[in-house]
């Protein structure tokens with residue numbers, strides 16, 4: 001017997017009220033999901049759903065990107081053919097300039113090696129890296145991220161820094177078996193510790209969804225100038241020190257922002273540095289944090305700090 | 001009009017369009033804008049006959065956008081539901097309105113959705129996202145009204161009560 005044949009068959013629920021109730025319930029569900037989705041709690045069901053979705057989206061994006069790349073390559077070929085003469089002249093000028101830079105670079109490299117040998121400096125080993133294509137691109141005001149077609153199968157892990165052709169692009173925030181989600185420096189949730197090369201000042205590069213992230217918590221003795229070079233500071237150990245980020249520029253509101261180096265070239269092709277947060281690296285057999293002695297300084301004997309009548313410490 | 005036509009087809013069209021526009025294409029060296037196609041059904045469904053399915057469908061569509069664009073889960077469902085709620089609340093006012101008047105209401109719904117997004121992301125990130133970026137996405141999304149108009153017209157043509 002269907003419901004319509006029962007005693008409640010004649011009852012007609014107010015459709016508009018039911019729709020409003022559904023709207024309320026849906027809003028509550030959306031709010032709960034928003035509040036519950038924290039970046040540090042993405043290892044559970046939510047994280048698995050994201051990884052699966054990233055994997056599927058990367059496949060779809062990979063298929064859709066193929067004709068786009070063909071068109072791009074074709075257009076680039078036509079442009080190169082048309083502009084071959086002027087490009088050739090420009091390349092000759094660049095070559096002459098580059099030869100001068102090469103001689104200087106060789107001399108500086110030799111000098112550096114000599115000084116390092118004198119000082120006994122140990123340089124960092126080169127970082128291994130993975131090359132990847134970006135296949136999907138979110139560029140809205142609330143999320144600036146990309147999907148790359150390299151994932152856990154190629155050694156990519158959460159937090160790995162990502163470089164474009166000219167500078168830092170962002171870092172990995174989600175890894176699927178064959179895809180990874182890259183959070184760009186411009187994302188509203190992105191925070192990157194940076195240094196100003198000229199002044200050695202420190203700041204936090206803060207994305208806001210616009211093309212030029214802001215410099216927050218700026219700490220420098222010398223005032224900034226337009227064009228000052230910005231590099232990663234390596235503070236906190238999340239990113240290696242010295243990766244190029246961009247140059248300082250004054251924003252419309254007078255605040256200091258950064259014109260990103262990565263904007264100067266397309267970032268369809270990226271390099272993912274397989275850099276491990278060195279604050280988490282511990283050789284095998286090394287005692288863990290729980291095994292280490294407390295870093296708190298023990299209270300010294302009173303005799304060494306007790307002020308004398310003259311105000312200085314008393315003799316032991 | 002069957003539910004598959006009024007709900008399923010717009011959902012699929014929005015998903016497909018969002019994926020296509022998310023490809024890293026550059027036109028004349030510039031990245032194309034990223035419109036929120038899902039605002040079209042969010043507005044049109046609010047004008048149609050009340051039902052419990054549009055809010056459910058908008059949650060699903062919003063979650064799809066969250067996953068596609070890497071946004072926090074629940075952000076786009078909330079934004080789309082806010083646009084739907086506005087249209088649903090004033091649907092009696094909207095019925096029988098001219099094309100341009102409805103476009104104005106659609107712009108208001110888009111503005112409400114983007115404002116909700118700004119506030120939610122501002123609360124989450126601790127600072128307000130770029131107003132210019134949000135304004136740009138709002139402006140591009142506001143141009144999609146003819147699709148919403150077409151969807152409402154199809155519904156009214158198919159509904160015997162409007163004949």
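Considering only the range A:17-31, state which residues are within 7 Å of chain B (Cβ to nearest Cβ) and within 17 Å of residue B:63 (Cβ to Cβ). Let's see the steps before the verdict.
Let us first name the residues in the range A:17-31 that are within 7 Å of chain B (Cβ to nearest Cβ), namely A:18-19, A:22-23, A:26-27, A:29-31.
Those that are within 7 Å of chain B (Cβ to nearest Cβ) and within 17 Å of residue B:63 (Cβ to Cβ): A:22, A:23, A:26, A:27, A:29, A:30, A:31.
For the range A:132-177, which positions are farther than 21 Å from residue A:66 by Cα and in a strand (DSSP E or B)?
If the condition is that a residue be farther than 21 Å from residue A:66 by Cα and in a strand (DSSP E or B), then A:144, A:161, A:162, A:163, A:168, A:169, A:170, A:171, A:172, A:173, A:174, A:175 are the ones that fit.
Within the range B:116-134, can you find the residues that are part of a helix (DSSP H, G or I) and free of Cβ contacts under 8 Å to residues at least 12 places away in the same chain?
The initial filter retains those residues of the range B:116-134 that are part of a helix (DSSP H, G or I), namely B:116-125, B:131-134.
Once the filter is applied, which keeps residues that are part of a helix (DSSP H, G or I) and free of Cβ contacts under 8 Å to residues at least 12 places away in the same chain, the range B:116-134 yields B:119, B:122, B:123, B:125, B:132, B:133.
List the residue pairs whose Cβ atoms are under 7 Å apart, where the first residue sits in the range A:242-263 and is surrounded by fewer than 21 Cβ atoms within 10 Å (Cβ to Cβ), the second is modelled with pLDDT under 90 and part of a helix (DSSP H, G or I), and the two are 6 or more positions apart or on different chains.
Filtered contacts from the range A:242-263: A:244/A:261.
Of the residues A:151, A:209, which is within 18 Å of the chain's Cα centre (by Cα), crowded, with 22+ Cβ neighbours inside 10 Å and away from chain B (no Cβ under 14 Å)?
Values: A:209 fails: away from chain B (no Cβ under 14 Å).
So the residue among A:151, A:209 that is within 18 Å of the chain's Cα centre (by Cα), crowded, with 22+ Cβ neighbours inside 10 Å and away from chain B (no Cβ under 14 Å) is A:151.
Looking at A:169, A:130, A:156, A:63, can you tell me which residue is in contact (Cβ under 8 Å) with a residue 60 or more places away in the chain and within 14 Å of chain B (Cβ to nearest Cβ)?
When all the criteria are applied, what remains is A:169.
Collect the residues in the range A:213-227 that are assigned to a loop (DSSP other than H, G, I, E, B) and at pLDDT 90 or above, keeping them in residue-number order.
Selection gives A:213 alone.
Within the range A:114-134, does at least one residue satisfy the condition of being modelled with pLDDT under 90, in the same structural domain as residue A:238 (by TED's automatic domain parsing), surrounded by 22 or more Cβ atoms within 10 Å (Cβ to Cβ) and touching a helix residue (DSSP H, G or I) at 6+ places or on another chain (Cβ under 7 Å)?
Scanning the range A:114-134, I find no residue that is modelled with pLDDT under 90, in the same structural domain as residue A:238 (by TED's automatic domain parsing), surrounded by 22 or more Cβ atoms within 10 Å (Cβ to Cβ) and touching a helix residue (DSSP H, G or I) at 6+ places or on another chain (Cβ under 7 Å), so the answer is no.
May I ask you to say which residue of B:147, B:99 is surrounded by 14 or more Cβ atoms within 10 Å (Cβ to Cβ) and either in contact (Cβ under 8 Å) with a residue 24 or more places away in the chain or within 22 Å of residue B:49 (Cα to Cα) (or both)? Working first, answer last.
Working: B:99 fails: surrounded by 14 or more Cβ atoms within 10 Å (Cβ to Cβ).
Criteria check complete, one pass: B:147.
Just checking, does the range A:67-76 include any residue being within 30 Å of residue B:64 (Cα to Cα), within 11 Å of chain B (Cβ to nearest Cβ), at pLDDT below 90 and not in a helix (DSSP H, G or I)? First the steps, then the outcome.
Going through the range A:67-76, the residues within 30 Å of residue B:64 (Cα to Cα) turn out to be A:67-72.
From the residues that got through so far, the ones that are within 11 Å of chain B (Cβ to nearest Cβ) too are A:67-69, A:71-72.
Filter once more, keeping what is at pLDDT below 90: A:67-69, A:71-72.
Narrowing further to those that are not in a helix (DSSP H, G or I): none.
For the range A:67-76, residues within 30 Å of residue B:64 (Cα to Cα), within 11 Å of chain B (Cβ to nearest Cβ), at pLDDT below 90 and not in a helix (DSSP H, G or I): absent.
The values are calculated or read from the model by the stated rules, or taken from the named source; none is laboratory data. These numbers were taken from a predicted model, which means no experiment stands behind them. With ideal geometry, Cβ positions are generated from the backbone for all residues, glycine too; neighbour counts draw on all protein chains shown.
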